[in-house]
Amino acid sequence: MTYCVGLLLNDGIVCLSDTRTNAGLDNISTYRKMFTFTEPGERVIVIMTAGSLSVTQTTLARLDEAASDLEATPATSILMAPTILQVAEIVGRTLAETSQEVANRMGANATSASASLILAGQRKDGDMRMFLIYPEGNFIEATADTPYLQIGEHKYGKPILDRVVTPQTNLADAKKAVLLSMDSTLRSNLSVGMPLDMVVIEKDALEIAEQRRIEAQDPAFAAMSRSWSDALREAFTKIEV
């Protein structure tokens, strides 16, 4: 399993993903689930993945190959598509085709050939946008009413996002929100694990402002986790029934 979360804010985009992939209690591995495609000054794209590793890796490999193809067109390359919406359509189509091919090969086990993606980014002269893309290739978009999207094991990290994240949330608080959302998930589900990957994109910068790998022993993350636990315990003791 996995947990990936993306925030779409007035000031920019913040994305965070874990790296744990498991096929049973005794088969746990680490794989990157966040991928970036950039042409500084022209466009920046982040894709996060959850689900079948075979499907997601094949999908990303095909997107990368199409983007570097000398005969690429705006209809086939996410680095040439004129809008982020059309990028989402290319990604959705590639994901759906890959999912179907893998499912056909797996036959009776096809239920495990499923994956979903979060796509976020901005193109020059366009708005920042974020989409959750389903295995069938269709998608929904983050809005001012719901300025975040999650895939994977999302239920443990959702409450804090519901309480603190709005489109007006600044990027510093947004980073804190996604990290605490991940911390809650790490504590409650062993199928989500370190290290973590985080990307921050500032509005209209058209490049990545911050890209960070957070390891298991990261002192800043550990200190934040302890402070959050202490604050929750203190708040709990002050509530009267």
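What follows is calculated from the coordinates using simple rules that are stated; it is not laboratory data. Note that this is a predicted model, so its numbers are computed, not measured. Glycine gets a Cβ as well: all are built from the backbone with ideal geometry, and neighbour counts include every protein chain shown.
Relative to the first principal axis of the alpha-carbon coordinates of the chain, what is the inclination of helix 171-188, with its axis defined by its Cα atoms, in degrees from 0 to 90 and to the nearest 10? For 171-188 against the chain, the angle is about 80 degrees. For the chain, the longest principal axis of the alpha carbon atoms and the long axis of helix 53-68 meet at an angle near 60°. As a test of the formula, what do you get for the chain when each DSSP H run with n ≥ 4 contributes -39,500 (n - 2.57) and the sum is divided by the residue count, at 222 nm and rounded to the nearest 500 deg cm²/dmol? Estimated from H runs of four or more residues: -11500 deg cm²/dmol.
For the stretch 117-241, divide the Cα radius of gyration by the Kirkwood radius and give the resulting Rg/Rh value with two decimals.
On the way: Rg = 16.2 Å, Rh = 16.4 Å.
Using Cα coordinates only, the ratio equals 0.99.
Each residue in TYR31, TYR156 was given a count of other beta-carbon atoms within 10 angstrom of its own, and listing them fewest first yields TYR31, TYR156. Against the compact-protein benchmark of 2.2 N^0.38 Å, the Cα-based radius of gyration of the chain scales to 1.03. Note on the chain: GNM, Cα springs under 10 Å; of MET34, MET182, MET80, the largest mean-square fluctuation is that of MET80. In this rough spin-label picture, where each label sits 7 Å from Cα along the Cβ direction, the LYS203-GLU141 distance is 1.6 nm. If R0 is taken as 45 Å, the Cβ-Cβ distance between THR166 and ASP218 corresponds to a FRET efficiency of 0.95.
Determine, from the Cβ-Cβ distance of GLU39 and ALA235 and an R0 of 45 Å, the FRET efficiency 1/(1 + (r/R0)^6), rounded to the nearest 0.05. Present the calculation step by step, with values, prior to reporting the outcome.
On the way: r = 46 Å, r/R0 = 1.01.
The computed FRET efficiency comes out at 0.50.
Normalised by the number of residues in the chain, the mean separation of alpha-carbon contacts (under 8 Å, six or more apart) gives a relative contact order of 28 percent. Computed from Cα positions, the angle between helix 219-238 and the longest principal axis of the chain comes to roughly 50 degrees.
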